[in-house]
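Following: one structure in structure tokens, then a few remarks.
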Amino acid sequence: MASLSVKPGQRFTLPDWQNNSLLISADAEQQRYNSHQVRQEGRALRNETGNQAKWDEHNSRTQLKDRITTVDRWREALARCLTDIDSEIDALTKVKEAAENALQAKNLCLDVAIECLTFRESRRDIDVVRDPVEEELLKEVKVIEKTKKELQQRVDDAFRQLCLLKEARQLLESDHRHKVEALELDQLCMSFNPTSGNISFKVNPTRIPDGTTALSEWEQNSRCNKERAEAEIKASVDLRGAITLSIAQTNNELDAQRIATEFALRKRMRDMEAALSELRWQEQNTLEEIAEMEEEIRQLEEEIRKRTLDLKVAHTRLETRTYRPHIELCQDKAQYGLADEVQQLEGIIRALQQKRTESQNALDALYRQLHRIRTDIGYKTNSLQLDNKCMDTRKKLVVPVEKFQPEVDAVSRTRNLPRESQQEL
């Protein structure tokens, strides 16, 4: 018989075969258990991260809504303030124009008074006297010049206040425009969602851009702009009232003086000798005041020089401390103290310089006043001599003030002037 050809190989026992099957089955169960655990952990992680992401997105959306509400509230407040300041600018402009018209009207009154004085200079011989009519005309000129100066000051104040209002309005408008832009950006952020087509990864999105301000600083800036605008509006309202009152007062003063001039009820000027004595006393006091003021100016300049040296020291200290190396270049108490010292010294120097300017202006005014006093002394000395010569002949001039009538050609222009009611604003 032929034999079977069998390839020789390793032979396993039946227990080995059974153990191998059991091991495979156990490994399969373990792998299924591990897979189940991973699936459960993945499901829990998905639920947790999904909920966290939804909550974070909801929180961010809520904060964006709150921010939009806050910015929109400030935008509305600034918009109302802009409307108020525009109205106040228009009102102040109208009052300023009214003051300019009143000032222009005073020029006509001044021309009439000067023309009357010029006509009266045509008198001859004994009629050339400083009578009550001439005194009232001169007083009327002074009243008109004073009212013009007051009105001009009011016009200048109105111009400066308009500049302040426009400056405050510019800040308000800029702040309002920035808040509108911020609202548009935040509303755009509110519209973003996972399905938006314009979302993408950005480079370092959590960086803090240059120029970033704190929330308190942002709110303080808007509050300061609003409060400044309100303060300028209040100042403008007060100024408008003052301008209106000044217009009425100057008109009343001019009307009263015009009546006094027309009726010429004033008496002749004071006794020249008493006036000269008073003027010389004023001259002596003015000279003393000039000497004291010059000494005060010298002391102020010396004080400015000393404080300037102190400021140079503080500046040098600050500049020297900027060369501290590395981490030593910090904002310590000494740095803050030096900065405060610089601000204090600069304020002191400005105040001293302002006071020096005021003192110099006062000194110039004193010199002008001294010149005026000395000129008036010469005038009154000459007038006293002339009055002594004319005292006897003045009795020939009997022209009652109530009956005084200028010549027709001397007032022909004034008779064609607008009525008093037409000159009122």
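Report whether or not GLU283 is part of a helix (DSSP H, G or I), open to solvent by less than 90 Å² (accessible area, probe 1.4 Å) and at pLDDT below 90.
So GLU283 fits the description; yes.
Is it fair to say CYS109 is modelled with pLDDT under 90 and either open to solvent by less than 60 Å² (accessible area, probe 1.4 Å) or not in a helix (DSSP H, G or I) (or both)?
Considered against the rule, which asks whether it is modelled with pLDDT under 90 and either open to solvent by less than 60 Å² (accessible area, probe 1.4 Å) or not in a helix (DSSP H, G or I) (or both), CYS109 comes out as yes.
Among the listed residues LYS54, LYS106, identify the single one that is among the charged types (D, E, K, R) and touching a helix residue (DSSP H, G or I) at 6+ places or on another chain (Cβ under 9 Å).
LYS106
Looking at LEU82, is it open to solvent by 80 Å² or more (accessible area, probe 1.4 Å), modelled with pLDDT of 85 or more and among the aliphatic types (A, V, I, L, M)?
Numbers: open to solvent by 80 Å² or more (accessible area, probe 1.4 Å): no; modelled with pLDDT of 85 or more: yes; among the aliphatic types (A, V, I, L, M): yes.
In short, no.
Scan the stretch 8-39 for residues that are in a helix (DSSP H, G or I), open to solvent by 100 Å² or more (accessible area, probe 1.4 Å) and of a type outside the set (A, V, I, L, M, F, W, C) and jot them down.
GLU29, GLN31, ARG32, TYR33, ARG39
If I go through the stretch 40-68 residue by residue, how many of them are in contact with a Leu (Cβ under 7 Å, 6 or more places away or on another chain) and free of Cβ contacts under 8 Å to residues at least 40 places away in the same chain?
0
From the set of residues in the stretch 313-367 that are assigned to a helix (DSSP H, G or I), among the β-branched types (Val, Ile, Thr) and farther than 20 Å from GLU302 by Cα, which is modelled with the highest pLDDT?
Here the answer is THR316.
Quick check on LEU117: is it modelled with pLDDT of 80 or more, over 30 Å from LEU239 (Cβ atoms) and either part of a helix (DSSP H, G or I) or open to solvent by 70 Å² or more (accessible area, probe 1.4 Å) (or both)?
For LEU117, the condition - modelled with pLDDT of 80 or more, over 30 Å from LEU239 (Cβ atoms) and either part of a helix (DSSP H, G or I) or open to solvent by 70 Å² or more (accessible area, probe 1.4 Å) (or both) - is not met.
Please tell me if GLN187 is in contact with a helix residue (DSSP H, G or I) (Cβ under 7 Å, 6 or more places away or on another chain) and open to solvent by 60 Å² or more (accessible area, probe 1.4 Å).
yes
Output yes when any residue across the stretch 193-215 is more than 24 Å from LEU82 (Cβ to Cβ) and assigned to a helix (DSSP H, G or I), and no when none is.
Scanning the stretch 193-215 turns up no residue that is more than 24 Å from LEU82 (Cβ to Cβ) and assigned to a helix (DSSP H, G or I).
Quick test for you: out of ARG228, ARG240, ARG130, ARG169, pick the one residue that is open to solvent by 90 Å² or more (accessible area, probe 1.4 Å) and touching a residue at least 60 places away in the same chain (Cβ under 8 Å).
Of ARG228, ARG240, ARG130, ARG169, the one residue that is open to solvent by 90 Å² or more (accessible area, probe 1.4 Å) and touching a residue at least 60 places away in the same chain (Cβ under 8 Å) is ARG130.
Just checking, which of ARG154, ARG177 is open to solvent by 40 Å² or more (accessible area, probe 1.4 Å), assigned to a helix (DSSP H, G or I) and within 21 Å of GLU227 (Cα to Cα)?
ARG177
The values are calculated or read from the model by the stated rules, or taken from the named source; none is laboratory data. Not measured: the values here are computed from a predicted model. Note that each Cβ is placed from the backbone with ideal geometry, even for glycine, and that neighbours are counted across all protein chains shown. We work out accessible area using only protein heavy atoms, side chains counted, and drop any ligands, DNA or RNA first. Shrake-Rupley method; radii C 1.70, N 1.55, O 1.52, S 1.80 Å.
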